[in-house]
Structure formats: structure tokens, C-alpha cells
Amino acid sequence: MNVVSLFSGAGGLDLGLIQAGNRIIWANDIDHDAVATYRLNIGNHIIESDILKINYDDIPYADVVIGGFPCQGFSVANMRRTIDDERNILYRAFYNTILHKQPKFFIAENVKGILSLGGGAIMKQIVSDFSDAGYIVEVHKVNMANYGVPQHRERVLFIGQRKDIGEEMIFHFPAPTHSKTGNELPAWVSIKDAIDHIPEWKNDPNSNGSSYKFVSRDFTGHRTTDPNKPSPTILARGNGKGGVCAIPHYNGERRLTIRESAIVQTFPRKFVFVGCMGSCYRQIGNAVPVLFARLLGEELIRIEHSWM
């Protein structure tokens, strides 16, 4: 299917859809380094610009629109004005793109905390907004470890299907491929299994890593990494001060390099990130794991083939 990508970042979601056989025909992000990374590894179809400055007429029509949106401006006290809240300008940009372009499907990713905002009222309002725009919407909370990603990463996926396609959702959300117990499905992939046997790769521009000292304590980015379990969530931010806090290596002596972090996010080994160390870590932490994205893309391909 043809896909438009908003808030593309370095392109984890885009790359997975491409690997499955879909086509990204237009993409956008405001971050200079992320756009440079995208162009180097994926293609020149990405536009570096503030989405709010792009005319909707300049965004091509597509079968699918993908992206994510922040949730800072959702107010329980004034639910009906959610879309008009000034802090929701990026949510509005995504919503208005869907409203104007009316793709057959949309896929939006968000943090799991969006489910609990306002005791669930915010999530219901989002679903209502997209329903009013003409879509059936499903909400799925997933742990990426259940899909073969060597990382405990919980996220929320909004899947939208235009109502004129049918009264029931024909997009079948991917079933888990792995499990914690390893009984009926293969066991979760551990961080050790993912990165332990990586050979030295000379001239790898992303082989460097944070020298921020690791002191084991019960705090974000400072918890001991168990080699026999999936990695903790790869972070885009640190302890609230804006800097990136790289996940500790399971050897307890250092933190993951940029390359190791990217592998935990299931980026290909030869995918190169552009920018300073902090920027590269942030791009990786903001991404959707490529392996999971590919499963979503395969479902789009299944639907496309069923229509042929």
C-alpha cells in the first residue's frame, strides 16, 4: 500500500512497513538529524519541516497514514475542546490529516500512559474523535517483547479503518509470536541473545556510547540489566532533565553503545544514525521497533492482496 508518514523520526515504523512490501510516498519530521538519518537509510521522500507549516493540499493521498501524537493537552475537565487545546497542535495535525485525506487505514503509536489519563476518558475521547472523522478504531496495548523484540517496551497502537470499507475491522492485529514462559510460543529474546555475539565492525560510525557512569539503583536508566531477559525500554529521554540516559549493559561495567541500542530496537546492522551521540540515542529511543513494524506492514500487504 502507499503510505504517508507523519512524525517519522529516524524511520523505524516506516522501515518495517517497507520491508513488508509497502511504499512510503511522503514523510515528514522537524528534527534535522532524524531527517538526515532517514534520507541516508530510507529515501529522499521525507520533508524536513514543521508539520504545522505544511499545507494539507501538499500532502499526497495514500492508502495509509502513520505516525504518533503527543497527549499533553488532553483535558478531562473540558473533553469536548480536546482537539482545540493549543497544546494539542500535533494531535490536531495528525487528526486533520486523517480528516482531510481520508486514507483507508491509519496507524498511530503512543506511550502506554495515554490509556490511564483521566481514568481512561482521554483514550475514549480520541477514539470518539476518529469515529467522528469516519473511522472504526481499535486500541491495542502491546509489549514488544511478545513480538520477538529483545526489549520490554509497552506501547499503545491505534488502528483506524475507514467506515465505508466495512462494518467490521478487517485489519487483523498481529498475534504475539513470543511469550514470557516459552511454553506455547518461543520464549522472549534476551538482550544477551540479541547483542552478545555481535562481531566487531570496523568503521562503524555508531560504535560509540555514553560514558555516563553506571551506579546500580532503583531509578530510570540505573537499574541493573538482566542478561537473560529482554532489555529495559530503550529511552528517548533521561531522568527528566532532557538528556538521554543509555541503558546499562548487562555486564554492569558500561552502558549500551548506539549500535547496541539500535539492535535492541531491531534496526538493521548497517542502518547508520546521523548526529551527535545524544541525538542518535534519542532517535533510537523514539522509534518503533522495526521488527514489530514489519508485522503491521505484512497485515497491510495481506489486505491489499485480498482485494486483488
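The values are calculated or read from the model by the stated rules, or taken from the named source; none is laboratory data. Just so it is clear, the model here is predicted, and its values are computed rather than measured. So basically every Cβ, Gly included, is an ideal-geometry build from the backbone, and we count neighbours across all protein chains shown.
Numbers at a glance
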quantity	calculated
Members of the range 145-172 that are outside any helix (DSSP H, G or I) and exposed (fewer than 14 other Cβ atoms within 10 Å of the Cβ)	G166, E167, E168, H172
Filter result for V142 (under 30 Å from I191 (Cβ atoms), crowded, with 20+ Cβ neighbours inside 10 Å, under 14 Å from the mean Cα position of the chain (by Cα) and not basic (K, R))	no
Test: G166 is touching a Leu at 6+ places or on another chain (Cβ under 6 Å) and over 24 Å from C276 (Cα atoms)	no
One residue from I191, I107, I159, I198 being of a type in the set (A, V, I, L, M, F, W, C) and in contact with a Leu (Cβ under 7 Å, 6 or more places away or on another chain)	I107
Single match in M79, M123 (criterion: out of contact with any Phe, Trp or Tyr (no Cβ under 7 Å at 6 or more places or on another chain), among the aliphatic types (A, V, I, L, M), modelled with pLDDT under 90 and crowded, with 17+ Cβ neighbours inside 10 Å)	M123
In the range 168-184, the residues that are in contact (Cβ under 8 Å) with a residue 12 or more places away in the chain and more than 19 Å from H305 (Cα to Cα)	P176, T177, H178, S179, K180
Search result, residues across the range 88-147 that are polar (S, T, N, Q) and touching a helix residue (DSSP H, G or I) at 6+ places or on another chain (Cβ under 6 Å)	Q125
Selected residue (only one of R254, R259 is surrounded by fewer than 20 Cβ atoms within 10 Å (Cβ to Cβ) and either over 17 Å from the mean Cα position of the chain (by Cα) or at pLDDT 95 or above (or both))	R254
Filtered residue count, the range 92-112, keeping only those that are more than 12 Å from G160 (Cα to Cα) and either free of Cβ contacts under 8 Å to residues at least 24 places away in the same chain or assigned to a loop (DSSP other than H, G, I, E, B) (or both)	1
Filter result for P186 (farther than 24 Å from Q283 by Cβ, modelled with pLDDT of 80 or more and within 24 Å of the chain's Cα centre (by Cα))	yes
The range 94-116, residues that are within 16 Å of N55 (Cβ to Cβ) and polar (S, T, N, Q)	N96, T97
Matching residues, the range 253-275, being in contact with a helix residue (DSSP H, G or I) (Cβ under 8 Å, 6 or more places away or on another chain), under 28 Å from S216 (Cβ atoms) and of a type outside the set (D, E, K, R)	L256, I258, S261, A262, I263, V264, Q265, T266, F267, F273
Strands (runs of 3 or more DSSP E) wholly inside the range 1-62 containing at least 2 residues that are touching a residue at least 24 places away in the same chain (Cβ under 8 Å)	2-5, 23-29
